[in-house]
Amino acid sequence: MTEDHWDDVYGAPPLRDLERCDESAVFDWLSRRFPVAGSKIDWDRVPGRHRHWRVEDDARLAAMASGDVCARLLPDAVVEHVGDGLSPYGVRFTGAAAPSVLGELLRIPEHHYFLAADRSWLVVVATEGDLDVVDGL
């Protein structure tokens, strides 16, 4: 991907005005908090309230993921997003902006990690059709 591509993707609303953040801090937290197998979370060993769905339809997967994130948000709550492939940085947004921001972020073909700023929940969307949600962190 070229920088011009990211100027197009992140340079247009609703992503243009999002606060950018260092994605390495989020990935460091994930690697300390969750068991891993290689470079991925080992979902079979995740303790606590973990739920998993396998969804073959991309539109349905995006809708389910958006619903899961939005259901956890108050209007002023902050969500952090990092992607593991194409996104050049992490972003933060509030619950009020979530519906439009989620739709745009989920169009990027990569694994998506959405987490509460207070780290109380995590929603992970994999391009292969997996949706994983962990509450009560």
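Taking V133 as the residue in question, decide whether it is within 20 Å of C21 (Cβ to Cβ), of a type in the set (A, V, I, L, M, F, W, C), surrounded by 13 or more Cβ atoms within 10 Å (Cβ to Cβ) and touching a residue at least 24 places away in the same chain (Cβ under 8 Å).
Judged against the criteria, V133 is not a match.
Just to be sure I understand the filter: pairs with C-beta atoms under 6 Å, separated by 6 or more residues or on different chains, first member in segment 13-27 and closer than 14 Å to L105 by Cβ, second member surrounded by fewer than 16 Cβ atoms within 10 Å (Cβ to Cβ) and hydroxyl-bearing (S, T, Y). Which pairs pass?
P14/S100; R20/Y89; E23/Y89
Do you know which of the residues in segment 96-118 that are farther than 20 Å from L131 by Cα and assigned to a helix (DSSP H, G or I) is modelled with the lowest pLDDT?
The extreme case among them is A96.
Residues in segment 7-28 that are among the hydrophobic types (A, V, I, L, M, F, W, C), under 24 Å from G136 (Cα atoms) and surrounded by 15 or more Cβ atoms within 10 Å (Cβ to Cβ): how many?
The number of residues fulfilling the criteria is 3.
V36 - would you say it is closer than 15 Å to A116 by Cα, of a type outside the set (S, T, Y) and either surrounded by fewer than 17 Cβ atoms within 10 Å (Cβ to Cβ) or under 12 Å from the mean Cα position of the chain (by Cα) (or both)?
Answer is no for this residue.
The values are calculated or read from the model by the stated rules, or taken from the named source; none is laboratory data. This one's a predicted model, so the numbers in the text were calculated from it and none came from an experiment. Here the Cβ is made from the backbone with ideal geometry for all residues, glycine too, and neighbour counts use every protein chain on show.
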